[in-house]
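Here's the structure, in structure tokens; my notes come after.
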Amino acid sequence: MKQFCFILLIVSSAYSGYDNANINYSKLYGFWGIEINDASGNQKFVAYFSKGKEDIECQFHSYFNGIKFSSEIGSEIDFDGEHLSFIANKAANVHYEGKVDSINGIIIGKLKYADGSEREFDLKKISKEKLTTEYPGLSNLTKNANLIGQPSKTNDGWISGILKESKIDSALLCTMVKSINSGQFGKVHSVLIAKNGKLVFEKYFDGFFINDLNSLQSCTKSIGSLLIGIAIDKGFIKNVDEKVLDFFPNYKDVADKKWQDVKLKHLLTMSSGINWERNVHDRIYQISPDVIKTTFEQKFSHKPGEIFEYRNPQSDLLSKIIINSSKKTVQDFTKEYLFNPLQIDEFSWTNFKNNDYPLMSGSLALSPRAMLKIGELVMDKGKWNDKQVVSEKWIKKSTTSKIKTDQTFDYGYLWWIGESQSKPGLKAIFAMGISGQLIIIFPGINTVVVTTADNLNKEPEYLLKMVDDYIIKGIK
């Protein structure tokens with residue numbers, strides 16, 4: 001069966017092939033959705049049509065297994081009052097055609113692919129009640145909610161502060177929001193700020209909202225560092241000088257002999273020394289039935305601890321190390337020792353392929369508020385609400401520079417270490433994921449900032465600069 005991902009629904013420049021003078025566009029106004037359950041998982045797609053400057057505007061939102069992935073905006077729609085068509089994927093030459101039945105609240109349609117094949121794709125009108133319950137972020141598209149970034153009051157453990165009392169320049173924040181809305185920073189989904197332990201700024205964009213789970217990408221690695229610290233605190237792991245192979249007795253016979261010199265600390269600093277080419281990495285993760293076995297079979301290009309090389313397989317071994325040392329699943333371990341103490345109830349972290357572990361390199365999904373809690377935990381030296389969740393010793397050790405990188409930042413134990421450009425000398429500790437996922441801690445000014453975004457073709461550093469220019473620069 002041909003798979004379809006609604007993330008790819010991008011509608012480009014405005015055009016209408018119909019005489020639109022007397023067309024009743026209101027038939028389309030509102031939210032239309034479809035839910036698909038198949039072997040790949042649960043997928044939800046929502047189309048939002050609204051009155052625009054030129055006839056009609058549309059947005060497309062996609063969800064997969066509870067994680068919100070995309071919000072795309074477009075306007076190339078042909079609608080004659082009954083028949084609807086638009087380009088679903090310009091690059092792949094995929095078209096959508098449908099017939100609007102506004103009385104019964106359904107658009108009976110199909111996707112047409114370049115090879116001539118088709119797939120039924122009926123969109124049903126979403127009620128206000130369902131919209132509020134299942135898509136709270138989308139319901140806010142119809143009203144100017146939270147325009148100034150005032151945090152919403154919830155019972156998730158966050159104390160809401162007052163922006164005026166935080167000594168953050170609100171004028172700069174307003175300029176930042178306007179710049180985000182104008183597209184200057186690509187597709188930003190959220191910006192949150194905690195100052196002195198209080199949530200003082202919370203702004204969502206493009207239909208994303210408080211409870212939406214966001215893919216953390218490589219921010220997952222930094223949370224993996226916290227999990228290793230907890231495992232050491234609990235006595236499951238002795239210390240970072242333990243040999244990696246000692247956690248994998250079943251793979252000693254196939255492992256390259258140089259793996260005997262690789263210690264846990266080398267995985268945490270991306271310096272195992274294995275000769276892992278990126279194209280090989282991609283191939284192995286796609287086709288290998290046993291990625292761990294294949295990882296141990298790799299040859300070495302450097303001595304362990306000698307050179308920083310950012311490669312995912314090094315951090316993915318940490319998942320199995322947690323399982324083998326604690327005798328718990330990674331998800332159960334994380335929930336019991338990290339998420340429960342932080343009052344994080346919702347997360348998504350599925351196992352990789354048919355294995356018993358999730359990828360530590362980047363497959364965890366959390367809400368932005370949960371991400372901010374991770375940052376606040378590090379800020380408060382391992383405490384949340386006066387409870388020690390991770391030892392202060394581990395926080396200090398893991399967020400101290402351990403190795404020079406090939407970038408302008410140093411690296412600790414799966415945490416990046418840098419400093420503010422607007423306030424030279426101000427230390428920044430951060431987790432960084434592709435497309436713009438960031439958890440940034442500034443211990444010197446007791447501030448944590450979180451961003452989520454969907455800018456695959458941009459390095460996350462561009463949002464570091466946004467945070468520095470519009471948030472940190474404005475802190476007195």
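All of the numbers you see were taken from the coordinates with simple rules; none came from a lab. Quick caveat, the model's predicted, so the values are computed rather than measured. Note: ideal-geometry Cβ built from the backbone for every residue, glycine included; neighbour counts use all protein chains shown.
Most exposed first by the Cβ proxy, i.e. fewest other Cβ within 10 Å, how do I168, I322 rank?
Numbers: I168 22, I322 25.
The order, fewest Cβ neighbours first, is I168, I322.
Here are labelled values, [x] 34, 29, 22; [y] 41, 28, 19; [z] 38, 27, 20, and one is the computed semi-axes √(5λ) of the Cα gyration tensor in Å for what I pasted. Which one?
[y]
With the contact rule set at Cα under 8 Å and sequence spacing of 6 or more, what percent relative contact order holds for the chain? Write out the running numbers ahead of the final one.
Details: 930 pairs, mean separation 65.2, N = 476.
Averaging sequence separation for qualifying contacts and normalising by length gives 14 percent for the chain.
How large is ³J(HN,Hα) for each residue in the stretch 453-469, as worked out from phi by the Karplus curve 6.51 cos²θ - 1.76 cosθ + 1.60 (θ = phi - 60°), to whole Hz, x for Gly and Pro?
7, 9, 10, 4, 8, 10, 6, x, 4, 5, 7, 4, 5, 4, 4, 5, 6
Going by C-beta contacts inside 10 Å, put D241, D233 in order with the fewest on the left.
Listed from fewest to most nearby Cβ atoms, that is D241, D233.
Treating the angle as unsigned and between 0 and 90°, give the value, to the nearest 10°, between the Cα long axis of helix 312-326 and the longest Cα principal axis of the chain.
70
Express the relative contact order of the stretch 371-476 as a whole percentage, based on alpha carbon pairs under 8 Å and six or more residues apart in sequence.
20 percent.
Using only Cα atoms, locate the centre of the stretch 312-341 and the centre of the stretch 226-304, then give the distance between them in Å, rounded to an integer.
The two parts, judged by their Cα centres, are 15 Å apart.
Return C58, C174, C219 ranked ascending by Cβ neighbour count within 10 Å, so the fewest neighbours appear first. Mind dumping the intermediate values first?
Numbers: C58 20, C174 14, C219 28.
Ordered by Cβ neighbours within 10 Å, fewest first: C174, C58, C219.
Going through the stretch 28-61, which GluC sites (Glu not before Pro) have at most 13 other Cβ atoms within 10 Å and a DSSP loop state? The partial results should precede the final answer.
On the way: sites: E35, E54, E57; in loops: E54.
Filter output for the stretch 28-61: E54.
Sort out for me the Cα centre separation of the stretch 164-225 from the stretch 22-99, rounded to whole Å.
27
May I ask for the Rg/Rh ratio of the stretch 214-472, computed from Cα atoms with Rh as the Kirkwood radius, given to two decimals?
Rg/Rh for the stretch 214-472 comes to 0.94.
Any chance you could give the angle, 0 to 90 degrees and rounded to 10, that helix 368-379 forms with the longest Cα principal axis of the chain?
20
On a 25 Å Cα-Cα criterion, which of the cross-link pairs K195/K402; K195/K397; K328/K387; K320/K353; K198/K465 come out too long?
Too far apart for the 25 Å limit: K195/K402.
Quick check: convex hull over the Cα atoms of the stretch 99-216, volume per residue in Å³, rounded to an integer?
Per-residue hull volume (Cα only) is 169 Å³.
Tally Lys/Arg at +1 and Asp/Glu at -1 over every other residue whose Cβ is under 14 Å from the Cβ of E419; what's the total? Mind dumping the intermediate values first?
Values: positive: K423, K427, K465, K473; negative: D410, E461, D468.
Local charge sum for E419: +1.
If Lys and Arg each add +1 and Asp and Glu each add -1, what is the summed charge of the other residues whose beta carbon sits under 14 Å from the beta carbon of G436?
Values: positive: K187, K458, K465; negative: D206, D454, E459, E461.
Result for the neighbourhood of G436: -1.
So how long is each side of the stretch 295-357 along the principal axes, counting just the alpha-carbon atoms, biggest first, in Å?
Between the extreme Cα coordinates on each principal axis of the stretch 295-357 lie 43, 26, 21 Å.
Enter the angle in degrees (range 0 to 90, nearest 10) between the Cα long axis of helix 219-233 and the first principal axis of the Cα atoms of the chain, meaning the one along which they spread out most.
So the helix axis and the longest Cα principal axis differ by about 40 degrees.
Per the helix-only calculation at 222 nm, which mean residue ellipticity applies to the chain, given -39500 (n - 2.57) for every DSSP H run of n ≥ 4 and division by its residues, nearest 500 deg cm²/dmol?
Working: 12 runs with 106 residues, N = 476.
Taking each H run of at least 4 residues, the total per residue is -6000 deg cm²/dmol.
Roughly how compact is the stretch 147-242, stated as its Cα Rg over 2.2 N^0.38 Å to two decimals?
Details: Rg = 17.7 Å, N = 96, 2.2 N^0.38 = 12.5 Å.
The reported ratio for this selection is 1.42.
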